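Participant: Pasting a structure here, questions to come.
Each value in this text was obtained by applying a stated rule to the coordinates, not by laboratory testing. Note that this is a predicted model, so its numbers are computed, not measured. Quick reminder, even Gly has a Cβ in these numbers, built from the backbone with ideal geometry, and neighbours come from all protein chains shown.
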Amino acid sequence: MTTRPETAGVEPALRLLSLGAGVQSTTVLLLACEGAIPRFDVALFADTGWEPRAVYANLDRLRAHAERAGIPVRRVSAGNIRTDALDPKHRFVSMPLHTLNPEGSRGLARRQCTSEYKITPLKKAARELLGYAHPKRVPPGVYAEQAIGISTDEIGRARDSGVRFLRNVFPLLELGFDRERCIEFLQDRGFGETVKSACVGCPFHGNAGWRWIRDHDPEGWEQAVEFDRAIRHGYPHASKHGQPLRGQYFLHRSCKPLDEADLDTPARHLRLVPTPATLDEDGDPDGCSPWSCRSGAPVGQPDAA
Ligand code: SF4
């Protein structure tokens, strides 16, 4: 990433990790615990409140591990995305829902959830940790270095934070770690069961992701099926305020009710060589990364507040 003139040669006031708790950011945290890369002052996990149970269990284990190495893991949150979306009194939560329009065409609703539930609380926490909570202005030259878990196979997703007080760095790119290397590294350290981090009801799940939730997190699956029914004609807040959707909303890309959608995978032998179709079937392998989202279209660059 480019070094901005005002921070050239200036040491960061803080070193942060944006911890998604998936494969890549968990690897970065463990590397710091081992002293292979500089220690973080804080690792920040942006919690949407609707992660699979396995992610929270992994996070608890990681927290204990990191704190033994002197790295606190702090959870930041803007609320619970599921309960907010279903609350008629809560402001509209825009998830990238699949839409079926009255004339039969399909689309994808605008995504604001990553920004609202992940990027905004991470920026707010960084400002507070720097000592310049909003609306205080962060002086030029004062910044936190923020490590992001991007591996060499996804280098195109590495990008700047878009704000002056946060400078993104990519330790896995510097070390030449691809995703496979990260998985081996985690397995060697007893973290081989690390699962991807994304909301239980994320419409970006491919069939593999939905099957995983159905088979490993029955409570989450039940919530997702109920949620899918509840948003069929729009979010309760939008309907209550006279903005009903013209068509229908769905969590599954087939625009079928989640519990009726075909989640079966293509035959194994067809999947040995990844093709756009099989990749599409599997969906996003690593979940929703706040700063470099792997799902769907990249999140728009945040403002410079
Ligand atoms: S995981 Fe999906 S639903 Fe959750 S914040 Fe990211 S894009 Fe939105």
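Participant: Compute the relative contact order of region 5-282 as a whole-number percentage, counting only Cα pairs closer than 8 Å that sit 6 or more residues apart in sequence.
Facilitator: The value is 23 percent.
Participant: Amide H of V42 versus every other amide H placed in the peptide plane: which residues, excluding those fewer than 5 positions away on the same chain, fall under 5 Å?
Facilitator: When sequence neighbours closer than 5 places are left aside, the close amide H contacts are R15, L17.
Participant: I've got another one for you. For L166, list long-range residues whose amide hydrogen, built 1.01 Å from N in the peptide plane, is under 5 Å from its own amide hydrogen.
Facilitator: A144
Participant: What is the order of L17, L30, fewest Cβ neighbours within 10 Å to most?
Facilitator: L30, L17
Participant: Right, another one. So if each residue of separation counts as 0.36 nm, and I subtract the Cα-Cα distance between L108 and R53, what length gain in nm does that give?
Facilitator: Stretched out fully, the L108 to R53 stretch lengthens by 17.1 nm.
Participant: Nearest-5 percent of antiparallel DSSP beta bridges in region 5-282?
Facilitator: 30
Participant: What is the fewest-to-most order of V42, V28 by other Cβ atoms lying within 10 Å of their Cβ?
Facilitator: Final ranking by Cβ density, sparse to dense: V42, V28.
Participant: Whole Å is fine, so just give me how far the alpha carbon centre of region 95-152 lies from that of region 183-239.
Facilitator: Each part reduced to its Cα centre gives a spacing of 20 Å.
Participant: PRE reach from D178 (point 7 Å along Cα→Cβ): which of region 20-47 fall under 19 Å by backbone N?
Facilitator: Correct set: 23-25, 27-28.
Participant: Would you pull out the residues with amide H under 5 Å of L108's amide H, same chain only if 5 or more places away, H placed 1.01 Å from N?
Facilitator: T99
Participant: May I pose another question? Counting other beta carbons within 10 Å of each Cβ, put I155, I150 in order, fewest first.
Facilitator: So the ranking, lowest neighbour count to highest, is I155, I150.
Participant: Quick one: grab the alpha carbon gyration tensor of region 115-155, order the square roots of its eigenvalues as a ≥ b ≥ c, and give me rounded if a/c is under 1.5, else prolate or oblate depending on whether a/b is larger than b/c.
Facilitator: Oblate is the answer for region 115-155, as a/c is 1.5 or above yet b/c matches or exceeds a/b.
Participant: Continuing with the same structure: Among all the lysines, which ones have a C-alpha under 26 Å from K256's C-alpha, if same-chain residues fewer than 8 places away are not counted?
Facilitator: K196, K240
Participant: So, one more: State, to one decimal in nm, how far the label point of E222 lies from the label point of D153, with both points 7 Å from Cα in the Cβ direction.
Facilitator: 3.6
Participant: For region 5-282, rounded, prolate or oblate, judged on the Cα gyration tensor with a ≥ b ≥ c (square roots of eigenvalues), a/c < 1.5 rounded, else prolate if a/b > b/c? Don't jump to the answer; show the numbers that get you there.
Facilitator: On the way: a/c = 1.99, a/b = 1.36, b/c = 1.46.
Oblate, since a/c reaches 1.5 and b/c is not below a/b.
Participant: Right, another one. In whole Å, what are the extents of region 101-258 along the principal axes defined by its C-alpha atoms, from largest to smallest?
Facilitator: For region 101-258, the Cα spread along each principal axis is 52, 45, 29 Å.
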